[in-house]
Ligand SMILES: [Zn+2]
Ligand SMILES: [Zn+2]
């Protein structure tokens, strides 16, 4: 079932899931997703802090494809490791970024994943120069791949330290790439809030959507990392909190998931949990906030 399917009560069904580990094999992830009542998930394409990749054998992929189909999991997103900096200056770091972007596009394609999500990168003092390098690396290591594969989604960042990833940055990258169909945007509610977007009210959410429409184009925005934020509005700090336990609070999360555009995105939790089972309660809470909020008209 794809995004936009109805649940029979006149309301669209949420595409809601979480970040899961594929360390125990992809088929195991299907069981994990069912346990927490997720119908979509995200995983790291390789070790998030190191960068070592696990070879996924064809037999595992075959078992996964079948189990995924049966469970109706859609879409599947791979996330590049945090150690990748697409904006790095030429050298070892840039070589690593090129290699990972290229290889992991193929690795996500091999398992039939729909999206590859990455942080745009960091600058070393010169933002413009780093944007140019990001554009070049995407051209050479992603857009040059002829086979059909996952759509590349650039994530909105909090603007912590030397992070690139404001809406303006993403717009520049997309414009310089001449708006390729294969490149889009992944929102993150905690990052956006820390960057200064007040998503605590329906009108605040509408303002963001208007800006997305003007700067990026709504058809290009596919996923939202649904996280509460420990860091205050406009603080430019990247600190995720559990749903309802941060500055957004239950009211803010309700405003987001009942927004006619944001609530229709694929929503993926990256909230701090000690075991994946804890995502079950968070998913149930988001479902409840959606149902409660749906009784009130959204402006
Ligand atoms: Zn991310
Ligand atoms: Zn974050």
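Please treat every number below as a calculation from the coordinates, not as lab data. Worth saying up front: this structure is predicted, and the values here are computed from it rather than measured. Note: ideal-geometry Cβ built from the backbone for every residue, glycine included; neighbour counts use all protein chains shown.
Tabulated data
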item: Residue order, fewest to most surrounding Cβ atoms within 10 angstrom, among 271, 29, 156; result: 271, 29, 156
item: Size descriptor, Kirkwood hydrodynamic radius, that averages inverse alpha-carbon separations across the stretch 1-160, Å; result: 16.8
item: Antiparallel content of DSSP bridges confined to the chain, in %, to 5; result: 15
item: Bridge type composition, the stretch 133-249 - antiparallel percent by DSSP, nearest 5; result: 20
item: Cα centroid separation - the stretch 213-285 against the stretch 38-107, whole Å; result: 22
item: The chain: radius of gyration and largest Cα-Cα distance (Dmax), Å; result: 18.2, 55
item: Approximate spin-label separation residue 275-residue 127, in nm, with each point projected 7 Å along Cα-to-Cβ; result: 4.4
item: Cα→Cβ-extended label distance, 7 Å offset, between residue 110 and residue 181, nm; result: 2.7
item: Neighbour-count ranking [beta-carbon atoms within 10 angstrom, fewest first] of 292, 169, 198, 188; result: 292, 198, 169, 188
item: Residues 157, 32, sorted so that the one with the fewest Cβ neighbours within 10 Å comes first; result: 32, 157
item: Candidates 176, 205, 186: whichever shows maximal mean-square fluctuation once the chain is modelled as a Gaussian network with Cα springs under 10 Å; result: 176
item: Relative contact order (%) - the chain, alpha-carbon pairs under 8 angstrom, separation at least six; result: 17
